[in-house]
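J.: Quick one: structure below, then a few questions.
Read the figures in this text as sums done on the coordinates, not as results from a lab. It should be emphasised that the depicted structure is a prediction, and the values quoted were computed from it without experimental measurement. Reconstructed Cβ throughout: ideal geometry from the backbone, glycine too, with neighbour counts over all protein chains shown.
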Amino acid sequence: MTKVIQVKPPRVFSDLKPWLQNHYQDLPKRLQSVAVFAMHNPDVIALNTIASISEQVGVTPSTMVRFAKSIGYLGFSDMQMVFQESMRHVPQPYSERLNSMQRSADTEQTVLSHFTQAASESIARLEHNVDASALLKASEQLAQARVVYIAGQGRAEPVVAYLHYTLVKLGVQSVVLSGMPHSMADKARMLKEDDVLLAISFSPYTANTRELVDICLANNTNVVALTDSTLSPIARGDDFHLEVLEEEVSGFRGLSATMCLALCLAVETGRVRAELDKAVK
């Protein structure tokens, strides 16, 4: 019998992903797969019939209804309304984000104070939520690798550059995967089993980074993922992933906590590598 989560689920889509992440472990394995599909494909849930969706997920329509009820919704249609709401909240152009910030300007709070407060809250959440053992396991994977290949696009690019710079300075051989998508995919297929892919991606997630993760896991190359949710398409059960979530200010997301986590990951990797090198001598 499916366990029903005894709390009211969010009515706003932007709150659904973190909410579902917190309750994900309470779901049966079958419904966890539905949850992952729903979070990776919100447009499919929002715009299709239950029959079409269940076919794509690989479950029966009754399972979709069971999933909706198990997380607290009255039924599938009740849950689908929340996903349909997401279609009205696609990422805003940067000009709109700037206008939004100007409209909400508070004479008592400067732009600097807005962003420093968001950074502070993000780092405080990071310290509270990151599992030290998960950080160590991820660092051990990187430290034991022949070569660490780093991939990430868009907002993740500064993190890629920083990790590459820091790992090299710490004596860990690393290479940035760059170029056209097909070229990066070809390079990923050349990775060996003793290499590691360090993948970085945040919502709305880059399709190319997801493809690189798929290729590496299919070829038995370990993946360490740095992302913003357990339900991220690059966070899998067969990889090592770390989660970091940044506070937004009028749609602008910084990298304060992300860079902090990247530095911790690199330094811990360097420490483990130094211990391994010392043991060999």
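J.: In square nanometres and to one decimal, what's the mean projected area of the convex hull around the Cα atoms of segment 170-220? All intermediate terms of the calculation are to be shown ahead of the outcome.
T.: Details: hull surface 16.3 nm².
So the Cα hull casts an average projection of 4.1 nm².
J.: Which entries in Lys169/Lys278; Lys17/Lys169; Lys17/Lys187; Lys17/Lys192; Lys187/Lys278 show an alpha-carbon gap greater than 27 Å? Could you put the intermediate results ahead of the total?
T.: Working: Lys169/Lys278 18 Å; Lys17/Lys169 37 Å; Lys17/Lys187 32 Å; Lys17/Lys192 34 Å; Lys187/Lys278 32 Å.
Table pairs above 27 Å Cα-Cα are Lys17/Lys169; Lys17/Lys187; Lys17/Lys192; Lys187/Lys278.
J.: Using the Cα atoms of segment 13-86 to build a convex hull, what is its mean projected area in square nanometres? Please report the intermediate quantities before stating the final value.
T.: Working: hull surface 16.5 nm².
For the Cα atoms of segment 13-86, the hull's average projected area reads 4.1 nm².
J.: Tell me the label-point distance for the pair Ser14, Ala134, using the 7 Å Cα-to-Cβ offset, in nm and rounded to one decimal.
T.: 2.4
J.: Could you give me the ³J(HN,Hα) list for segment 244-250, computed from phi with Karplus coefficients 6.51, -1.76, 1.60 and θ = phi - 60°, whole Hz, x at Gly and Pro?
T.: After applying 6.51 cos²θ - 1.76 cosθ + 1.60, I find 8, 10, 9, 5, 9, 10, 6 Hz.
J.: What does the convex hull of the Cα atoms come to per residue for segment 149-255, in Å³? List each step's numbers first, then the result.
T.: Numbers: hull volume 10.6 nm³, N = 107.
Convex hull volume per residue, Cα atoms: 99 Å³.
J.: Here is a further query. What nm distance separates the two modelled labels at Ala185 and Asp277, each placed 7 Å from Cα along Cα→Cβ?
T.: Going by the 7 Å Cα→Cβ label model, 3.7 nm.
J.: Let me ask another. Angle check, please: helix 29-40 long axis (alpha carbons) against the longest principal axis of the chain (alpha carbons), in degrees 0 to 90, nearest 10.
T.: 80
J.: Mind listing the phi-derived Karplus ³J(HN,Hα) values for segment 154-160, rounded to whole Hz, using 6.51, -1.76 and 1.60 with θ = phi - 60°, and x for any glycine or proline?
T.: x, 5, 7, 4, x, 5, 4
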